[in-house]
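**Q** After the structure tokens below, expect a handful of questions from me.
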Amino acid sequence: MNDHIAADLGGLEREVLRLVWRLGDATAEQIRAELQRPLKESTVRTVLRRLEDKGYLSHTVDGRTFVFRAAQSRSRAAAKAVKRIADWFCEGSVADVVSGLVDARMLDKADLARIGEKIALSKRGSGK
């Protein structure tokens, strides 16, 4: 992905990206049908191309139809966005970002348990 982060995306771009993550592979017509607002297919194609230019999507061609998919998982894109936030506000310390989330009570017990499991797996070398 380029240097873009989700904060660089407009509302329609974020909505389209969420739909592609949910659907997996998607055409402009499928995205248009899923959107909560009526848009021309050409508008949707423009948004999909912009997302591809920003590195969020890739496409293949099926006949004459472009089929889009996410260039990376939602969690990977989110991790990159958090890293940018850490760089901006915490001198690159992701640990400070997570500590801030804990201190602000933005993580519930289930979130903390899930993070603890991820940390334990990472320490054992599994990383998944």
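The values are calculated or read from the model by the stated rules, or taken from the named source; none is laboratory data. Note that the structure is a prediction, hence the values are computed from the model and not measured. Cβ: placed from backbone, ideal geometry, glycine included. Neighbour counts: every protein chain shown. What goes into the accessible areas is simple: the full protein's heavy atoms, side chains included, and nothing from ligands, DNA or RNA. Shrake-Rupley method; radii C 1.70, N 1.55, O 1.52, S 1.80 Å.
**Q** Within the bounds of segment 116-124, is there any residue that is farther than 15 Å from Arg14 by Cα and within 21 Å of the chain's Cα centre (by Cα)?
**A** For segment 116-124, residues farther than 15 Å from Arg14 by Cα and within 21 Å of the chain's Cα centre (by Cα): present.
**Q** Suppose we filter segment 27-44 for residues that are among the small types (Gly, Ala, Ser) and open to solvent by 60 Å² or more (accessible area, probe 1.4 Å); how many remain?
**A** Qualifying residue count, segment 27-44: 1.
**Q** May I ask you to list pairs of residues, at least six apart or on different chains, whose Cβ atoms are under 7 Å apart, with the first in segment 32-57 being more than 18 Å from Ala81 (Cβ to Cβ) and the second being assigned to a helix (DSSP H, G or I) and open to solvent by 80 Å² or more (accessible area, probe 1.4 Å)?
**A** The qualifying pairs are Leu39/Arg32; Glu41/Arg32; Val44/Arg32.
**Q** Next question. Checking the conditions here, which among Val47, Val67, Val61 is farther than 18 Å from Arg14 by Cβ and open to solvent by less than 60 Å² (accessible area, probe 1.4 Å)?
**A** Criteria check complete, one pass: Val67.
**Q** While we're looking at this one, here's another question. For residues that are free of Cβ contacts under 8 Å to residues at least 12 places away in the same chain and open to solvent by less than 60 Å² (accessible area, probe 1.4 Å), scanning just segment 74-95, find the one that is nearest to Gly24 (Cα to Cα).
**A** Step by step, filter segment 74-95, then rank; the result is Ala79.
**Q** When you look at Gly24, is it under 30 Å from Ile115 (Cβ atoms), of a type outside the set (D, E, K, R) and surrounded by fewer than 17 Cβ atoms within 10 Å (Cβ to Cβ), yes or no?
**A** Here the answer is yes, as Gly24 does meet what is asked.
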